[in-house]
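Encoded as structure tokens, the structure appears first; notes follow it.
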């Protein structure tokens, strides 16, 4: 069922227009992948979600495994039925959350100089897997490559991801290399577990190697020899966009042209402007919905901080160019009011707008590629 | 524009099927009136709201006056445009909130034996009006009958309400009588202010008199001599449903048959079972949305506390008889999960369901009246 077609290759860059076929429909690439961590987008219910043309959303196995439990989702008939979504879904392995909860995000980490942030949520990493404490009830949970795949089989997304270790940004060369080799072994075990019971799912290998270009190349070279259906790029790519650009410029040509490429956890416009011309097909990010809940709206005229007093009397749409269901119905003044009044609908409307902004932006990227402007 | 038609009078009780005509459409009565205090239902945005057949919603002048300000709503083109609602809206005078914030609700008050609860938000009540402290910024605001009407003109609802004093449940006879007489003068001034600039709005007189049947009768007799378009029953009607029933049984026959009757702030099923057979046409209540946010769902099989562990694996709709957009798409297990995961969409889905439950319930009351079963 899973297939990637390259429909058009830009004459100006490695950017391409593609189509990923999955059991739950197609994904036109490049495509933005909103995050629905716990089986719902934050503040956007399934009815609204079905009116946004999100061809792929990202759910997190870590959260779903801890609540309601992969077996509950299986009994519900799988994640699509459970969350009321008919279109494609991708899940990660659970690894990212386990490690990011332990180490914090890259930004926090850069600030904290690699100190483990908290709570010792990662108790032990062994060849077998990772032992961690559940953020929900403090119980100890062992996640192995096989268990991650088993959970992802029960959840039943269209695209799944092998268990990987997410090394912190501040990691010495030796530890990074050792982590990469273990991640490779975990990914191979994940792949084997997957292939013994495919269920129409696709699996993407995750390229690691942190900020070391040599390790990244080793990772790409090794993982592309395995029968994955596509590739994701994971872990830290550097401390800024310039470092990220250098890394992706080196790395992307090492990935097979005929397979989809996903950049994990990146969705800011600068990253898209770097990634798309290098041939990245899909990007997931919680940023548009998270910043929406803080009143930051993405518009064709730049970022709008809707809680600012000046918007109290702006009786026109947030973005006059936007055709989303919020902009056609509501004014900036109304959104400003809802935010100032702490109304939950503020978060819903802002999130819908920002998701639509991203989807429209990607549609423009596709047009730009088709017209060889990118 | 405003007109009330009695379409059918039950042969078994004073219950009737009616239709209220307003500049923004009709209201089929008896009808439930959800509360949209600050220009939005809590957790239900205008797009979802437009798919629920709420023929009337209740906005609160007190909140809208303090934020964003009646003048902002006027500049937006009125409350319908501002909140993106094409159907009828009713606003209150602001009086209820001022006094209820000062005295607390009836339940709290019964417990606290009438002690003023808080903050001295009511600073002074004079013949002119009520001086109170804004809950938003602590500034002093004087609300007079004329200012309340002026604000309600700017807000622009279809039905408005004169300024009244909401005496606490524990109030001596003399104070209650004095309060009632002042309320009558305030209502007459409100009516005069309204009639000097009608703008197609209707105004309901509010019957007061607390738990004293004689004062209630005096209030009904006096206010029904004034050219109001309908009547609301306000203030405390007693400490339980039995007291309320006695009071309404005495009071309702004193209200003109050819005008709509609204019971302020009551929407529990027991109150409906009392009020509808006595000829009450509309009921507003925040209860269905408030309890929804606490995981209490109203169903044909009684109340469901969705956060209970037993719902984790219930892969059927919350209410198999319900045809709301939540029940046709989602299971109890999914809603349980969203609540346990503290997802904002939990509150949205539960609120939509509860509102639909109330609307369906009222539709059944209308059928029961039509069939002389009520």
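Bear in mind these aren't lab numbers, they're just calculated from the coordinates by the rules spelled out. Worth saying up front: this structure is predicted, and the values here are computed from it rather than measured. Cβ: placed from backbone, ideal geometry, glycine included. Neighbour counts: every protein chain shown.
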Q.
I need the fraction of alpha carbon pairs in region A:296-352 separated by more than 17 Å, rounded to a whole percent.
A. 24 percent
**Q.** region B:170-195 versus region B:128-146: alpha-carbon centroid distance in Å
**A.** 17 Å
Q: For chain A, find the longest principal axis of its Cα atoms and tell me its angle to the long axis of helix A:241-251, 0 to 90°, nearest 10.
A: 50 degrees
Q: Counting only C-alpha contacts under 8 Å and six or more residues apart, can you give the relative contact order of chain A as a whole percent?
A: 18 percent
Q: Note the angle between two axes, namely the Cα long axis of helix B:173-195 and the longest principal axis of the Cα atoms of chain B, as a number of degrees from 0 to 90, rounded to the nearest 10.
A: 90 degrees
Q. Between residue A:300 and residue B:312, what FRET efficiency follows from the Cβ-Cβ distance if R0 is 45 Å, with the result rounded to 0.05?
A. 0.55
Q.
Measuring nothing but label to label, 7 Å from Cα along Cα→Cβ, what are residue B:135's distances to the other copies in nm, shortest first?
A. 3.3
(Q) Only bridges whose two residues both fall in region A:3-285 count here: according to DSSP, what percent of them are antiparallel, nearest 5? (A) 50 percent
Q.
Please report the equivalent ellipsoid semi-axes of the protein assembly as shown, computed as sqrt(5 x eigenvalue) of the Cα gyration tensor, largest first, in whole Å.
A. 57, 26, 23
Q) According to a simple spin-label model (label point 7 Å from Cα along Cα-to-Cβ), what is the distance in nm between residue B:197 and residue A:323? A) 4.1 nm
Q. Relative to the longest principal Cα axis of chain B, at what angle does helix B:344-370 sit, 0 to 90 degrees, rounded to 10?
A. 70 degrees
(Q) Taking every DSSP beta bridge with both residues inside the protein assembly as shown, roughly what % is antiparallel (nearest 5)? (A) 55 percent
**Q.** Shielding by other protein chains, B:332-339, mean Cβ within 10 Å
**A.** 5
Q | Gyration tensor (alpha-carbon) shape descriptor, region A:187-293, a/c threshold 1.5 | A | oblate
**Q.** Span from the region B:280-299 Cα centroid across to the region A:214-257 one, whole angstrom
**A.** 53 Å
Q.
Show me the three semi-axes of the equivalent ellipsoid for region A:3-285, from the C-alpha gyration tensor (sqrt of 5 times each eigenvalue), largest first, rounded to whole Å.
A. 25, 25, 18
Q: Please report how far the C-alpha centroid of region B:307-361 lies from that of region A:51-97, rounded to the nearest whole angstrom.
A: 18 Å
**Q.** Relative contact order computed over region B:299-374 (Cα-Cα under 8 Å; 6+ residues apart), in percent
**A.** 26 percent
Q) Could you give, in nm with one decimal, how far residue A:181 is from each other copy of that position, shortest first, with labels 7 Å out from Cα toward Cβ? A) 9.6
Q) One-quarter of the Cα convex hull surface for region A:1-70, in nm²? A) 6.3 nm²
Q) Using the C-alpha atoms of region A:268-373, what convex hull volume per residue, in cubic angstrom, is computed? A) 95 Å³
Q. Put a dot 7 Å past each Cα toward the Cβ at residue A:188 and residue A:140; how far apart are the dots in nm?
A. 2.9 nm
Q: Using a Gaussian network model of chain B whose springs link C-alpha atoms within less than 10 Å, name the residue from B:103, B:174, B:311 with the highest mean-square fluctuation.
A: B:174
Q.
Just to confirm the numbers: residue B:307, label point 7 angstrom along the Cα-Cβ line, distances to the other copies in nm, shortest first?
A. 2.6
